[in-house]
Each structure stands twice: as structure tokens, then as C-alpha cells.
Ligand code: 5AD
Ligand code: SF4
């Protein structure tokens, strides 16, 4: 079914070459660390897509013989998998890389590596090259599978290695994976983005959209369910355009249905949906598929049509609200969340107020809210932007206060009702078990550790705005 399309899959020979490098690196490491395994500290910033890449990085490092550690001080290799989405995210990385200097001075053999979206931007790589000379290895988003080769060069030549190969991006199958969770798993279904929203750096650093094979995804899901995983999250920048160029039977709704048909007790989540490609069919599929969580993350960014046009979003308020209306008709209990950008260049207060009114109309469960951050190379970065930072912060506070009001009304209505939740962990601060409803609301309650990783029925006793308190009723 794939023969009409550009083939993004990395050829087998390349992977064989990396296996050979892996063998060599393992040999070097076992001679340099004869008594105990070398330790790797890996930290991932940013979105779930990056977290999923982080699992591949850790998988590769473990296959080379590294043991993972939570302590930078103990590490023989420190790797930061970085995010470029906003300036603040980048500043944090620069700050943390700066803090590594003292460790490298104390332990000169330590390898310091940086990868991910931020490194895919030339000006960042240049800055690392010139101002952070103790960084040994820098590589971009398209060559993650070459980590064994890069490490071989670092370990054997002692020279700095920079690889920022660009292009449209690729797909690499069959890499070793070190999953962070024992019952929640990420499954990337596509990589990259074609949308070029005018504010966003992602299409520049992640390349063009490319979808993984339908069969491989379903098989991965099947294996995860067989291994006891209870929650699968399908990942992509724009999952609704999964296999857009193929027949309907291979597109996103079909993929959801196929995973829903896998036998077993588990839930399916997905993110992110772009309103431009969100179809009635997708909403109908969500409603029909019992295992698909009734939670839709549908980033609107703004409630004003002029701003949406300037953002290059390809939908307007009416279309968005139409989708929401249809979704609530099909799934009255649906929980909807969104991303909002405040202070897009040229946005006026009146236009921002359209976002506030949209929040009320949609009745969101929660929001991810951001003040516009100019990203070098994007169209919006060169648009005139006259509203002062202070003013944007005021709008931002108004937005979050309104959402808080909306969310607390929603959660107040949950009091006395019981929900099926997946128990995730013990919250160290409250000492309570923390669980998540299908709609992505967190409920905490008293209970034993053995409940972690199971579904349970919990009654909401004390609704607070973001985290509810509840009472355990029963398993299942
Ligand atoms: N400034 C502020 N927020 C941004 N986002 C993406 N790019 C920017 C930017 N330049 C937000 C969008 C997107 C989310 C992942 O991050 O809301 O949906
Ligand atoms: Fe960025 Fe828009 Fe693509 Fe999302 S859809 S990654 S906001 S360009």
C-alpha cells in the first residue's frame, strides 16, 4: 500500500552499519569500565514526541552497555534531549548546559551530548560550538539512530562531533526502546509537520509529515497490551493527517478502530489533533470505540478569525465551534482541552477577548496557555509586535483566571459521582494515590501501592479546581 509514496524508512544497510558501531562501542566501554557498567544520565525537555525519542535514546544507550542514572554527578555520559518550541524552553537548556561545566572539569572523560529540536537550528549549534566548548556531541532530530556511530567517534577520536543533517526527515523502525512506564506507553504514529503555523518552529526542526506503517503500529499496540500496558497514547504533531495520502481504510479513524479491536482492558489516547483536519468521522469513531478515552485535545490557539488567519491555521471560529458542538452531541461527557497563544503579533485586546468568549462557549476542562514567543526563522518572528510584554502578561492572567473559573465549575459538578480511573503513582507531597479519569482530570485518594497500574472506581468527594480528592470504591 505504500508504493506510491516517498519512502522515508532508513535502509536496512544503514541500521546494520549502526549495529556494527554498537558492537565496537560496547567493546570500548567494557575495556574502559571493566568493573562496573558506565552510567548515562538522560534528560528530555518538551513534548511527548520528544519523550518518546528519549525512550529510543535510552534504549540505544542501554544496548551499548550503559546503565541509566538519575545523578549527573555519577554519570559518564550526560545527554540532554532539547526542545525549541519557545524561547524560555531554550534558555533553560542553555542554563542547564552551563551548569554542566563544573562536572566536566571534575571528570574530563565525561561525555556531554545534546540533541533534539533545539540543536536542529543552526544558530544554536553554532553557539554551542563556540561558547560551550566542553560539549562533545551535538546531533539533530533526523539522525538519532546514528548515536552508536557518534559515540564511537567521541570515544575513539576524542574530537567533538556535530551532525545536524537536515532534509525531510526519516522513519527508523526497530530501534531498541527503554520505555519509561510499565503500564502507560507512547506510540509515535507519525513524525514532522506540514502545517507551518506562522509562529511555530516545529516544521523547520522536525521535517515533513511522514506516517509509520499501519501494520507496525497495530502490532506494537498488540504487543504492549499483551505485556500488560493499560494506556496507549498515539503521538503525532497532527494525528488527523495520519496517512492522509492513502485510502480511507488506512487513515487515523481506521487506526483507532483497529487498536480498539485489540482484545484486552486498556484505554487509547491520542495527541495532537489539528482542527483543520479534525473530521466528523474522527469524532464518530471516538464515540463508537469504547477503549478510546473521551478526551479531545484540540488546540484552538485563538478565538479570533483574523488572528487565526495570521497564524495560518486554516480554520475559523465557526468551524472550530461546529466541531465542538458535534463532538458534544455525540459524547455529552467529552472532556476538551486546548492550547492558547496570548499576544500573537498584532493581536488587539478586542481580538484577545474573542478567545475569552470562546473559552466560555467550549467549556474546556483545562488549557495549556502560552505567551507568544518569537522563534527565529518563522514568519511571525518578523511581524510587527507592538503590545508590551507587561500588557500581554495581564491578558495572560485574565485568561488563566477565566479558565480557573470554568474548570472549578466543571469539577464541582463531579462531586458525588464515581469515575473509572487508571491509578498512576503515589504523590509524594500529598501521600495519596494519584489517578487520571478518561477525561484527563487527576483524582487523588487513599489506597495501597498495589493499586498502581490498575483501573479503579473512585468517587469524587472534594472537588478542587485542578486535582480532585476522592474515595476508592473498588477495582475494575
Ligand atoms: N510561542 C508561543 N507558543 C507557541 N506554541 C508553539 N509555538 C509557539 C510560540 N512561538 C504553542 C502552541 C502549540 C503548543 C505546543 O505550543 O500553542 O499548540
Ligand atoms: Fe506547530 Fe502548527 Fe505543526 Fe502544531 S500544527 S507543530 S503548532 S506548525
(request) Report the extension gain between residue 353 and residue 36 in nm, rounded to one decimal, defined as 0.36 nm multiplied by the number of residues separating them, less their alpha carbon distance. (result) 108.1 nm
(message) Need the full-extension length gain, residue 446 to residue 218, defined as separation in residues times 0.36 nm minus the C-alpha distance. One decimal, nm.
(response) 78.5 nm
(request) Report, in degrees rounded to the nearest 10, the 0 to 90 angle that the Cα long axis of helix 317-330 makes with the longest principal axis of the chain. (result) 80 degrees
(message) Can you tell me the length gained on complete extension of the stretch residue 280 to residue 9, counting 0.36 nm per residue apart and subtracting the Cα distance?
(response) 94.4 nm
(request) May I have the pair-distance distribution P(r) for the chain, computed from all Cα-Cα distances with 20 Å bins from 0 and rounded to whole percent? (result) 22, 55, 23, 0
(message) Quick check on packing: order 239-246, 353-360 by the mean number of other C-beta atoms within 10 Å, highest mean leading.
(response) 239-246, 353-360
(request) Report relative contact order for the chain in percent, whole number only (criteria: Cα-Cα under 8 Å, sequence separation at least 6). (result) 10 percent
(request) Provide 133, 222 in ascending order of the number of other Cβ atoms located within 10 Å of each residue's Cβ, fewest first. (result) 133, 222
(request) Can you figure out the FRET efficiency of residue 474 with residue 428, using R₀ = 22 Å and their beta-carbon distance, to the nearest 0.05? (result) 0.30
(request) Based on alpha-carbon positions alone, could you give the equivalent ellipsoid semi-axes of region 309-438 from the gyration tensor, as √(5λ), descending, whole Å? (result) 32, 20, 14
(request) Please report, in cubic angstrom per residue, the volume enclosed by the convex hull of the alpha-carbon atoms of region 1-117. (result) 128 Å³
(request) Assuming a ≥ b ≥ c are the square roots of the Cα gyration tensor eigenvalues, decide whether region 395-437 counts as rounded (a/c under 1.5), prolate (otherwise, with a/b larger than b/c) or oblate. (result) oblate
(message) Given a Förster distance of 30 Å, report the FRET efficiency between residue 314 and residue 73 from their Cβ-Cβ distance, rounded to the nearest 0.05.
(response) 0.05
(message) Going by Cα centres, region 290-327 and region 99-125 are how many Å apart?
(response) 39 Å
(request) Relative to the longest principal axis of the C-alpha atoms of the chain, give the angle of the C-alpha long axis of helix 12-32, reported between 0 and 90° and rounded to the nearest 10°. (result) 60 degrees
(request) Please say if region 221-316 is rounded, prolate or oblate, where rounded means a/c under 1.5 for a ≥ b ≥ c the square roots of the C-alpha gyration tensor eigenvalues, and otherwise the choice is prolate for a/b larger than b/c and oblate otherwise? (result) prolate
(request) Grab the DSSP H runs of the chain that are 4 residues or longer, score each as -39,500 (n - 2.57), total them, divide by all residues and round the 222 nm result to the nearest 500 deg cm²/dmol. (result) -11000 deg cm²/dmol
(request) Take peptides 412-421, 48-57 and line them up by average Cβ neighbours within 10 Å, highest first, as a rough protection proxy. (result) 48-57, 412-421
(request) Starting from the Cα gyration tensor of region 404-476, take the square roots of the eigenvalues, sort them a ≥ b ≥ c, and report rounded, prolate or oblate (rounded when a/c is under 1.5, otherwise prolate if a/b is larger than b/c, else oblate). (result) prolate
(request) Quickly work out the residue 16-to-residue 265 label distance, labels modelled 7 Å from Cα along the C-beta direction, and quote it in nm with one decimal. (result) 4.7 nm
(message) Can you say what percent of the DSSP beta bridges in the chain, counting only those with both residues inside, are antiparallel? Round to 5.
(response) 35 percent
(message) Could you sort the peptides 185-194, 438-447, 20-29 by per-residue average Cβ neighbour count (10 Å cutoff), highest mean leading?
(response) 185-194, 438-447, 20-29
(request) Determine the relative contact order of region 351-410: mean sequence separation of Cα pairs under 8 Å and six or more apart, normalised by residue count, in whole percent. (result) 56 percent
(message) For Cα pairs less than 8 Å apart in space and 6+ apart in sequence, what is the mean separation divided by the residue count of region 70-210, i.e. the relative contact order in percent?
(response) 21 percent
(request) State, to one decimal in nm, how far the label point of residue 168 lies from the label point of residue 127, with both points 7 Å from Cα in the Cβ direction. (result) 3.1 nm
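Quick note: the coordinates plus some simple rules give every number you see, no bench work behind them. Worth saying up front: this structure is predicted, and the values here are computed from it rather than measured. In this analysis, Cβ positions are derived from the backbone assuming ideal geometry, glycine residues included, and neighbour counts consider all displayed protein chains.
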